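The values are calculated or read from the model by the stated rules, or taken from the named source; none is laboratory data. Owing to the predicted nature of the structure, the values given are computational and were not obtained by experimental measurement. Glycine also receives a Cβ, built like all others from the backbone with ideal geometry; neighbour counts cover every protein chain displayed. Just the protein is used for accessible areas: all its heavy atoms, side chains included, with ligands, DNA and RNA removed. Shrake-Rupley method; radii C 1.70, N 1.55, O 1.52, S 1.80 Å.
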Amino acid sequence: MKYSNLSYEISRWSLGDLFPAYDSEEMKAGFAAVESRVADFESQRENLDAEISNTDFMVLIHQVEEISQLISKIGSFAGLWYTEDTQNQAAQNFQARVDQFGAEIQNRILFFNLWWKSLDNDSAARLMKDAGDYSYWLEEIRNFKPHTLSEPEEKIINIKDVTGFNAVNTIYDTITNRYVFKLSVDGEEKELTRGELMVYVQQHDPDLRAAAYQELYRVYGEDGAILGMMYQNLVRDWRNENVDLRSFASPMSVRNLSNDIPDQVVDTLLEVSRKNVSVFQRYFRLKARWLGVDRIRRYDVYAPVVKSEKTYEYSDAVRMVLESFDDFHPDIATHAKRVFDDQHLDSEVRKGKMSGAFCASVQPGLTPWVLTNYQGKANDVATFAHELGHAIHSMLAEEHTQFTFHSSLPLAETASTFGEMLLVDRLLEDETDEDVRRDMLFRQIDDAYATIMRQIYFALFERQAHEMTHQGATVDELSEAYMENLKEHFGDSVELSDEFRWEWVSIPHIYGTPFYVYAYSFGQLLVFSLYQQFKAEGESFKPRFMKILSAGGSNAPARILKEAGIDISQAEFWQGGFDVISGLVDQLEAMPLRVLDADV
Ligand SMILES: [Zn+2]
C-alpha cells in the first residue's frame, strides 16, 4: 500500500497559514483591510435598488465575500489559538476582541441582507440567474422573506430578544452551569461538574452509574419547577413570534426552513424512526444478557460490556485511516494527507489544550485545521477518521464560494461518519481478538443510539411540549408527558426510575435552539443508509457519493441528494438506515456470550 512506509508522529499544528501571530504586522494589516473594505462597501449603499445591473450586483457580492473571508481568517486564528491553550490570557483577550469586532462588522454590512430579502421577486430572479454558485446562498436568504416583518417590527423583536428569549437562556445557563454534583467514589466524597459526573455512567460499577444519574436529577429536580417555568416561557415566546407573527405553519417549521428541509421529510424521518424503536430495545435486551441481568436499568444504557485495553501506535493509526480512505477512493486519502503535510493537525495531549476533537474549515483553498487528543484507544482512531472526514468534505467542495463550500447542517456529518465507518469496518476485518471486536461493535451501537433514537425522542417530546404548553399544561404535566415518551422509547426493555421525569429540564438544546436535535438523527441515519447502498452496490456507488461531498453547501440538501439518486422524502430510504443498525445488532447477537466477571 502506498501509505505503508510513511511514518507519522504526534504533532502540534501551525497556524502560520493564517497569521504568524496575534500581534504581527500581518494581523494589523488584516484588521485594517476589513475596515477599509467595509467602508468602501458601505459607501455603495445607495446603489442598491431594483434596477441594479447584474455586473454591479456581482461586484457587491464579491466584496461581501472578501470581507467575510478576511473576518473568517482573523476569527479562525483567534479561535484556534485559544483551543491550543485555553488558559492563555492573551488568547482569551484576543478572542473577545475579535468577537466584538466581528459583531460590529456584521451590523455594518447587514443592510445588504435586508435589502436583498426585501427585493421584489422578478428583480431577484433576474439577479440570481447570473449569480452562478452564489445563487443558492442568495436563495436561502430569501427563503425567509414570507416570514419577515417590517423593519421597525424586526428591530423591536431584536431589542426584546436581548432581554427576553436570550436573557432567559442566559439565566438558565448561569443557574445550571453553577450546579455542583456530589458523588461518593471509593469512599471519597467528590464534588463534580456535570461533565465529570457523566463519566461515571459509562463505568463498570453499576451502583456508581445509578448514583451518578440519581445525583444528576436530584439537583435538576430541586429546581425542576423553575427550570420548567423558564422552558414554558421560551416555548410561548417561540410560538408568539414564529407562528402568530411570522406565520410559520408550526413551531418546528422554523427550524426546518433554516435547515432547508421540507416539513414532510422531517415528519417522515420521525415516523419511520418511531416505527423502528424496537431495534434499540432489542439491543438493550442483548446488553442485559451481556451484563448478566434480566433487564437493564435506565442507568445501564451506556454501561460498558467488554473490557478491552487494546491501544494503537499513533503511526499505525494514521496509516490505517489513510489506507481505509484510499481503499474507498484515492482522492479521499490524498486530501487527508494534505492536513498532515500542511501541519494543520494538532494531535498531542497537552495541559490546557481543549479536550475532545473538531475540524475547522476557514475558506475554500485553505486546508482545514484538525484538533484531536490522541491517546491510542480504538475510539481515538475512530475520532481521527471522523475529523479527517470533515476536512475532506470541505476540501472536496473547495471550488465553491465562501458562502457555499460549507455543507449545511443536515449534511455536515456525511463524510465524517462515513469515514469513521470505513475505518471501523477495516478494524473489524483485521482484528482477531474477539473482545476488541465486540468492544467496537457495542461502541458503535451505543453511539448510534445516542445520536439517533435518543434525539428523535427529544424532538417528539419538543413537538408535544410546544403543543401542550400552548394548551396551558403545567410543568408537572410536561414531566408526566416526558415519562410517557420514555416508556414508548424503551418499552419493557429498560427499567425506568422516577427521577428521569426531570431529564427534559436538563437538555440545553431544547431551551436555546428548539428542534435542533433531529438534525443529529437525520445526519447519522443518512450515512447509515448511504453505507448500506455502498455495501450493496460497491464501485458504482462511489462517484455518486463523491458528488454529494463535492457539492458542499451549494444547494438544498434534498436537491444535492436527489442528484445522487437519493430521495429523502421516501420512508424506504430512512428504513435502510435502520436496517444497517439492525444488522449490527444481529452481528452482536451471533457472538458467543461471555459475561464479564463483575468487578464491582
Ligand atoms: Zn462530526
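So what are the ³J(HN,Hα) numbers for segment 126-142, from phi and the Karplus equation (6.51, -1.76, 1.60; θ = phi - 60°), rounded to whole Hz, Gly and Pro as x?
Each residue's phi maps through the Karplus curve to give 4, 6, 6, 4, 9, 8, x, 5, 7, 5, 5, 4, 5, 4, 4, 4, 6 Hz.
Using a 1.4 Å probe over the heavy atoms of the protein chains, calculate the carbon and sulfur portion of the accessible area of the chain as a whole percent. Write down the numbers at each step before the final one.
On the way: 12830 of 26230 Å².
Carbon with sulfur: 49 percent of the solvent-accessible area.
Relative contact order (percent) for the chain, with alpha-carbon contacts under 8 angstrom and 6 or more residues of separation? If you can, show how the numbers build up before the last one.
Numbers: 722 pairs, mean separation 112.7, N = 600.
Taking the mean separation of contacting Cα pairs over the length of the chain, I get 19 percent.
Please state, rounded to one decimal and in Å, the Kirkwood hydrodynamic radius that the chain gives when every pair of distinct Cα atoms enters the mean of 1/r. It would help to have the intermediate numbers written out before the result.
Details: mean 1/r = 0.0380 Å⁻¹.
Taking every pair of different Cα atoms in the chain, averaging 1/r and inverting gives 26.3 Å.
Sum -39500 (n - 2.57) across every DSSP H segment of at least 4 residues in the chain, then divide by the residue count to get the 222 nm mean residue ellipticity, nearest 500. Write out the running numbers ahead of the final one.
Values: 25 runs with 370 residues, N = 600.
My calculation for the chain gives -20000 deg cm²/dmol from helical runs alone.
Normalised by the residues of segment 302-443, what does the relative contact order come to in percent, with Cα pairs under 8 Å and at least six apart?
On the way: 189 pairs, mean separation 38.3, N = 142.
Relative contact order, segment 302-443: 27 percent.
Search the structure for amide H atoms under 5 Å from the amide H of LYS190, placed 1.01 Å from N in the peptide plane, and list their residues when 5 or more places away or on another chain.
LEU183, SER184, VAL185
Quick check: Cα centre of segment 246-316 to Cα centre of segment 515-578, how many Å?
18
Tell me the trypsin sites (Lys or Arg not before Pro) within segment 312-357 that lie in a loop according to DSSP and have at most 14 other beta-carbon atoms within 10 Å.
Here the trypsin sites (Lys or Arg not before Pro) that fit, given the DSSP loop and packing criteria, are ARG350, LYS351.
Looking at segment 520-600, which trypsin sites (Lys or Arg not before Pro) are DSSP coil and have at most 13 other C-beta atoms within 10 Å of their C-beta? Walk me through the numbers before you get to the answer.
Numbers: sites: LYS535, ARG544, LYS547, ARG559, LYS562, ARG594; in loops: ARG594.
Hits after loop and neighbour filter: ARG594.
Quick check on my link table: of LYS182/LYS377; LYS145/LYS547; LYS353/LYS377, which ones sit more than 25 Å apart, alpha carbon to alpha carbon?
On the way: LYS182/LYS377 29 Å; LYS145/LYS547 30 Å; LYS353/LYS377 19 Å.
Too far apart for the 25 Å limit: LYS182/LYS377; LYS145/LYS547.
Just how large is the dipole of segment 289-342 about the Cα centre, in debye to the nearest 20, putting +1 at every Lys and Arg Cβ and -1 at every Asp and Glu Cβ? Kindly include the intermediate steps, with their values, before the conclusion.
Working: 9 positive and 11 negative charges, 125 e Å.
With Lys and Arg at +1 and Asp and Glu at -1, about 600 debye.
Projected onto the charge dipole of the chain (+1 at Lys/Arg Cβ, -1 at Asp/Glu Cβ, origin at the Cα centre), which of ALA33, PRO262, GLY552 gives the Cα projection farthest towards the positive end?
Most positive-ward Cα: PRO262.
What's the center-to-center distance, using Cα atoms, between segment 384-425 and segment 449-471 in Å?
28
Between ALA32 and ASP244, take the C-beta separation as r, use R0 = 41 Å, and let me know the FRET efficiency to the nearest 0.05.
Values: r = 46 Å, r/R0 = 1.12.
After rounding, the FRET efficiency stands at 0.35.
Using the heavy atoms of the protein chains alone and a 1.4 angstrom probe, what is the accessible area of segment 20-157 per residue in square angstrom? Walk me through the numbers on the way to the answer.
Values: 7170 Å² over 138 residues.
Heavy-atom SASA per residue in segment 20-157 reads 52 Å².
Could you go through segment 219-227 in sequence order and give the Karplus-derived ³J(HN,Hα) for each residue, using 6.51 cos²θ - 1.76 cosθ + 1.60 with θ = phi - 60°, rounded to whole Hz, and x for Gly and Pro?
Going residue by residue, I get 5, 5, x, 4, 9, x, 4, 6, 5 Hz, with x marking Gly and Pro.
So what J values fall out for segment 327-338 if you push phi through Karplus, 6.51 cos²θ - 1.76 cosθ + 1.60 with θ = phi - 60°, rounded to Hz, Gly and Pro as x?
Result, rounded to whole Hz: 4, 6, 7, x, 4, 5, 5, 4, 5, 4, 5, 4.
Take the alpha carbon atoms of segment 134-277, find their radius of gyration, then divide it by 2.2 N^0.38 Å using N residues; give the quotient. Walk me through the intermediate numbers first.
On the way: Rg = 21.2 Å, N = 144, 2.2 N^0.38 = 14.5 Å.
Computed over Cα atoms of segment 134-277, the ratio equals 1.46.
Using the structure shown, select from LYS535/LYS562; LYS287/LYS487; LYS337/LYS562; LYS275/LYS487 the pairs with a Cα to Cα distance greater than 22 angstrom. All intermediate terms of the calculation are to be shown ahead of the outcome.
Numbers: LYS535/LYS562 20 Å; LYS287/LYS487 18 Å; LYS337/LYS562 30 Å; LYS275/LYS487 14 Å.
Violating the 22 Å limit, Cα to Cα: LYS337/LYS562.
Could you state the accessible area per residue of segment 296-379 in Å², with a 1.4 Å probe and every protein chain left in place? Each step should come with its number before you reach the end.
Details: 3120 Å² over 84 residues.
Using a 1.4 Å probe on heavy atoms only, each residue of segment 296-379 averages 37 Å².
What does a probe at ALA50 reach in segment 142-157, counting residues whose amide N is under 13 Å from the point 7 Å along Cα→Cβ?
none
Check the straight Cα-Cα distances from LYS542 and name the aspartates and glutamates below 15 Å, setting aside those fewer than 8 residues away within the same chain.
Of all the aspartates and glutamates, those that pass the test against LYS542 - Cα under 15 Å, at least 8 places apart if same chain - are ASP326, ASP327, ASP331, GLU563.
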